[in-house]
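Below is one structure; the comments refer to it alone.
The values are calculated or read from the model by the stated rules, or taken from the named source; none is laboratory data. On a predicted model such as this, the values are computed, not experimentally measured, just so you know. Cβ sites come from the backbone with ideal geometry, for glycine too, and all protein chains shown count toward neighbours.
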Amino acid sequence: MMETIMVSAACGVMNSLLRKLATLLEKEYMLLKDVKHNITFLRNELASMNLLLFKLADIEDLDVQVKEWRNKVRELAYDIEDCIDNFMVNDRPNRSLIRKTIGRIKKLWFQHDIGKQIQELRTRVVEESDRRYRYKLDDSTFRPEMMEIDHRLKALYVDTNKLEGIDSPVEQIIQWLTGNGKHDQELNIMAIVGFGGLGKTTLAMQVYNKFKDKFDCTAFVSVSRGPNIKKVLMDLLKDVGAAIDTTDDEMRLINKLKGHLTKKR
């Protein structure tokens, strides 16, 4: 759970930084040629790193080397963002002629100073990029043979015609959820508990399939012991037919879900 939050935090600062770098390159900022070249390099390289961070958000147990790389990239992103913010604040235009002249001299000096900082940051980005490929983080993180298949997946595709004795508990649960036919508007939550392999997921799926046509929106989401909260929220949004944006953080996804479900049954 904590690892997921850490990766999501790294993705968050990286998304913010990439937007600022794009703004810096697209708008009329006075950039020295070398500075602009380095900023373009940072944007492209960090965008590639961000893709890996986004993939890491789906993994609950990260390797020690992957954790160290993720933390260094996050700190690097903070340092680059501070540098870019400093540049944007000091690059505001002056209206008077004298101030413009003095401002240009100051900006020229300031850009040389910023240029040195960006060059140092570029060196750090190259080091982290090299470490990523040297340690083969992509390969070690996403090996198919290392992935454990959730036993609950099989339960989602069980042929119910071959199951015996499941109709009775399904109908019983539906009666409990609906208040035995009464028009109960209160929220109902029910937990199906038991040892592994007893058919809890299969039972829940059958209740869902028989019950879903009675509602405007329904969702069936599998949640592990150490869930990736952002992925769970995105799965919920997909199931209820809402639009999703992979750059949204958990709070924005929650607000989207609440907004979509308002006044729906």
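Of all residues in the stretch 241-264, those satisfying the criterion of being without any contact (Cβ under 8 Å) to a residue 24 or more places away in the chain and under 19 Å from the mean Cα position of the chain (by Cα) are 242, 243, 244, 245, 248, 251, 252, 253, 254, 255, 256, 258. Residues in the stretch 52-79 that are closer than 23 Å to residue 250 by Cα, part of a loop (DSSP other than H, G, I, E, B) and not small (Gly, Ala, Ser): 58, 59, 60, 61, 62. Taking the stretch 220-239 as the range and being basic (Lys, Arg) and loosely packed, with under 15 Cβ neighbours inside 10 Å as the test, the residues that pass are 225, 238.
Exactly one residue among 204, 242 is touching a Cys at 6+ places or on another chain (Cβ under 9 Å) and buried (at least 16 other Cβ atoms within 10 Å of the Cβ), and that residue is 242. Within the stretch 180-195, the set of residues being more than 24 Å from residue 240 (Cα to Cα) and modelled with pLDDT of 65 or more comprises 193, 194, 195.
Within the stretch 233-256, track down each residue that is touching a helix residue (DSSP H, G or I) at 6+ places or on another chain (Cβ under 9 Å) and either in the same structural domain as residue 56 (by TED's automatic domain parsing) or within 17 Å of residue 217 (Cα to Cα) (or both). Hits for the stretch 233-256 are 233, 234, 236, 237, 240, 241, 242, 243, 244, 253, 254, 256.
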